[in-house]
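Down below is the structure, laid out as structure tokens.
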2 protein chains.
Amino acid sequence: MKRVTIKDISKHLLLSTSTVSRALTDDKNIRKETREKVLEAAKELGYKPNPSALNLKSGKSNSIGVIVPEMITPFSSKILEGIQNVLSGSKFRVIVAQSNENPETERTNLLMMEEFRVDGIIINLCHETYNHKLYQEILDRGTPMIFFDRIPPSNLDVPKVLVNDQSTSTTMVEHLISTGKKRIVNLMGPKTIRNAIQRADGYKKALYKYKLFDDDLVIETEGTSFIHAKEAMKRLIEKGVVFDAIFAFTDSLAIGAMNYLLEKKYRIPEDVAIASFSGTELSQMVFPPLSTVEQPLVEMGETAVELLLEKIKNPTSKNRFVQLKPELIFRRSTIAQQSHQK
Amino acid sequence: MKRVTIKDISKHLLLSTSTVSRALTDDKNIRKETREKVLEAAKELGYKPNPSALNLKSGKSNSIGVIVPEMITPFSSKILEGIQNVLSGSKFRVIVAQSNENPETERTNLLMMEEFRVDGIIINLCHETYNHKLYQEILDRGTPMIFFDRIPPSNLDVPKVLVNDQSTSTTMVEHLISTGKKRIVNLMGPKTIRNAIQRADGYKKALYKYKLFDDDLVIETEGTSFIHAKEAMKRLIEKGVVFDAIFAFTDSLAIGAMNYLLEKKYRIPEDVAIASFSGTELSQMVFPPLSTVEQPLVEMGETAVELLLEKIKNPTSKNRFVQLKPELIFRRSTIAQQSHQK
DNA sequence: TTGAAAGCGCTAACAG
DNA sequence: CTGTTAGCGCTTTCAA
């Protein structure tokens, strides 16, 4: 019941606590046999270091805060998997908080992380600018922050990791064009998210190139849930816009749009092809499965921690900006199959 | 940059640290004006207590460990939302770990939580019995544990929270029967999960009642992902089993089965109706949307923390077993709509 | 009502 | 190579 401390070991072995500490910390100033004796006793007595004591001493909390906008989709889950890959077995623990797409909640989470004295924060924003000042303040007060996926504007000099939204979007939209589609909608997500704009830019580039662009084809959604996509599709159709394909900001939006269309008896992809951008299991969980830009999410998580550990070790290190390479996956939502009855 | 400590306040005010501490901890042995003076100075200087120091003193870590089998589906996300609802603004922080449906990883996570000296653990098992001994050991060593959703066998006396799997399953299956279905498959999930068996029992009860039971209709899956459902469906069909409805253990399994059938040109629900059990957004994200037993997941998370806080406050308190009431939601996957062209 | 001092578990500077 | 001592930030006796 009572935890074994370094003192217990020292009493047991008739040594001083400092000697025990030295053995445990692999200090050079100790005789080999002594160290071994201590290590053995530690194991025997079931000694586990007390993190609070370590933390008090070092002034660090040995924990890393991860703040994500949501955990409804498997997106954040994948990121966390990457983070845990790197951190498991290390002294660091992971504290997770969700902002529920609400910048005020994000603010609370950030302040909470600071109070907990986390050694660093890894964050995926839910609004591009809302908490901009706070990010700067936290950085100034000495907590390193790494941004991934939805990052702040470039006037904030911080380490970042994401995929190249723009050029990948262009490629995906070109794929749609290559299948013969001419009226491609961009279901672009909210303008308050940087990536939505980036991906829209990539989309535009492709459409300009093939002289297919039309303002009516770009439609903003109020949020990122599948419900927002349904609303947007409704608006679009009521407005009388004709379209034969959709390029959506995320899997959730693509799915919302697809379900709305299926309900209205559209055939996918014959009447309307759908492509999305994300890389979560969701794209394979719907029918027909979605063509999508698959981001290397686990790797993104891993990279984010690595950038953070770098910053923790050397706070004055240069702020790196890592771009990962996504993969384009083509599935049934954009490629018709020859039909055959069951 | 440097954190403000209680000492800084004491120097600033020419008081002793103990007085400052008293003011901050709402001790009665302090003059009102002194307290106010201290509080004001604390605010002015931007004082934030150092959790590590508190923890070292109290021997507690003021953190709560949450261990979930997966975060691919929004299930755990909802639970975490409930947990954060109760805990936000409290002194407790939440440490999350995923077991990836692997009992060995679960074991590692449990030991990690113990090393971190969490004040308690909230856990959703990934295997009914694998780590049974370890649960008991951790409890014996003094860390309270609350189990939710997938709970251990009843010979482990611990607080638990879940919904009534069995009787709710019966009701849902009776719904399928009421729509005229006679050959209802139970896609039951792995037998190593208690709830799978419970739900199967509920299913059987309904089928016995209406004399519809047939051993061939019960099919176990190897795991809980949508891929396992596809495999199971394939096996079932190859075996030549005739069926007109499916009752699935979870949303993921229901979705996997549905997609497999849609691919094979079955009509849902006309050829095969599908009902599931879970309560995540997933059931609404597919087409047709799934009829499902919607569990109050946020509430489940809230209840779990409350049970835990109770145990933390009073370790000898009786182990409560809370059953929450789920809601049956009927959607298009079991109820055909009159068809009309777009 | 306040201050001085001890101590939570651990590390590290300083002696020996 | 090992022991003594101080101190991280805070709470809590014990005295005053």
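The values are calculated or read from the model by the stated rules, or taken from the named source; none is laboratory data. Everything numeric in this text was worked out from a predicted model, so none of it was measured. Glycine also receives a Cβ, built like all others from the backbone with ideal geometry; neighbour counts cover every protein chain displayed. With ligands, DNA and RNA removed, areas are computed over all heavy atoms of the protein, side chains included. Shrake-Rupley method; radii C 1.70, N 1.55, O 1.52, S 1.80 Å.
Select from region A:184-229 those trypsin sites (Lys or Arg not before Pro) which occupy a DSSP coil region and have at most 14 other Cβ atoms within 10 Å, ordered by residue number.
A:LYS191, A:LYS211
May I ask you to report, in nm to one decimal and beginning with the shortest, the distances from A:THR171 to the same position in the other copies, taking label points 7 Å along Cα-to-Cβ?
When each copy's label point is compared with this one, the spacings are 5.1 nm.
Can you pull the one-decimal nm distance between simple spin-label points at B:GLU327 and A:ASP271, each 7 Å off the Cα toward Cβ?
Taking the two extended label points, one gets 3.1 nm.
Compute for chains B and A the buried accessible surface, both sides summed, probe 1.4 Å, and express it in Å² to the nearest 100. Mind showing how you got there, number by number?
Working: alone 17810 and 17820 Å², together 30320 Å².
For B against A, buried area totals roughly 5300 Å².
Based on the inverse mean of 1/r over its pairs of different Cα atoms, what is the Kirkwood hydrodynamic radius of region A:119-222, in Å? Each step should come with its number before you reach the end.
Values: mean 1/r = 0.0658 Å⁻¹.
The answer is 15.2 Å.
List the aspartates and glutamates whose Cα sits under 15 Å from the Cα of B:LYS205, skipping any in the same chain fewer than 8 residues away.
Cross-link targets: B:ASP165, B:GLU174, B:ASP214, B:ASP215.
Quick one: accessible area per residue over region A:6-49, 1.4 Å probe, rounded to a whole number of Å²?
Details: 3150 Å² over 44 residues.
For region A:6-49, the solvent-accessible area averages 72 Å² per residue.
Counting only other chains, and only Cβ atoms inside 10 Å, what mean value do you get across the residues of B:291-298? Can you show the working numbers first?
Details: counts 0, 0, 0, 0, 0, 0, 0, 0.
Partner-chain Cβ atoms within 10 Å, mean over residues of B:291-298: 0.
Using only Cα atoms, figure out Rg for region B:1-158 and give it as a multiple of 2.2 N^0.38 Å. If you can, show how the numbers build up before the last one.
Working: Rg = 20.6 Å, N = 158, 2.2 N^0.38 = 15.1 Å.
Here the answer is 1.36, to two decimals.
Determine one quarter of the surface area of the Cα convex hull of the protein assembly as shown, which equals its mean projected area, and express it in nm² to one decimal.
Details: hull surface 141.5 nm².
That works out to 35.4 nm².
Which trypsin sites (Lys or Arg not before Pro) in region B:55-158 pass both tests, a DSSP loop state and at most 13 other beta-carbon atoms within 10 Å? Don't skip to the answer; put the middle values down first.
Working: sites: B:LYS57, B:LYS60, B:LYS78, B:LYS91, B:ARG93, B:ARG107, B:ARG117, B:LYS133, B:ARG141, B:ARG150; in loops: B:LYS60, B:LYS91, B:ARG117, B:ARG141, B:ARG150.
Passing both the DSSP loop test and the Cβ count: B:ARG141.
Can you work out the base-10 log of I(q)/I(0) for chain B at q = 0.15 1/Å, using the Debye formula on its C-alpha atoms alone?
-1.16
Antiparallel as a % of all DSSP beta bridges within the protein assembly as shown, to the nearest 5? Kindly include the intermediate steps, with their values, before the conclusion.
Numbers: 7 of 71 bridges.
In the protein assembly as shown, approximately 10 percent of DSSP beta bridges are antiparallel ones.
Please give the helix A:165-178 orientation as an angle from the longest Cα principal axis of chain A, in degrees from 0 to 90, rounded to the nearest 10.
Taking Cα atoms only, the helix is inclined about 30 degrees.
Looking at region B:252-290, which residues lose a minimum of 40 Å² of accessible area between their chain alone and all protein chains in place, measuring with a 1.4 Å probe and not counting ligands or nucleic acids?
When all protein chains are present, B:ASN259, B:GLU263, B:LYS265, B:GLN284, B:MET285, B:PHE287 each give up 40 Å² or more of accessible surface.
Considering only protein heavy atoms, what is the solvent-accessible area of A:VAL242 at a probe of 1.4 Å, reported in Å² to the nearest 10?
100
Between A:LYS48 and A:SER167, 0.36 nm times their residue separation minus their Cα-Cα distance comes to what?
Values: separation 119, 0.36 × 119 = 42.84 nm, distance 5.06 nm.
Roughly 37.8 nm would be gained on extension.
Quick one: what Rg and Dmax do you get for region A:6-49 from the alpha carbons, in Å?
9.0, 24
Just to confirm the number: angle between the C-alpha axis of helix A:251-263 and the first principal axis of chain A, 0 to 90 degrees, nearest 10?
40
Taking R0 as 30 Å, what FRET efficiency do you get between A:THR316 and A:THR108 from their Cβ-Cβ distance, rounded to the nearest 0.05? List each step's numbers first, then the result.
Details: r = 30 Å, r/R0 = 0.99.
Efficiency at R0 = 30 Å is approximately 0.50.
So for region A:137-194, taking the charge dipole from beta-carbon charges (+1 Lys/Arg, -1 Asp/Glu), which of A:ILE146, A:ILE184, A:THR168 sits furthest toward the positive end?
A:ILE184
Amide H neighbours of B:LYS182 under 5 Å, at least 5 residues apart or on other chains, H built in the peptide plane: list them.
B:ASP244
How many nm is it between the label spots at A:ALA336 and B:ASP201, if each spot is 7 Å from the Cα in line with the beta carbon?
Label-label distance for A:ALA336 and B:ASP201, simple model: 5.3 nm.
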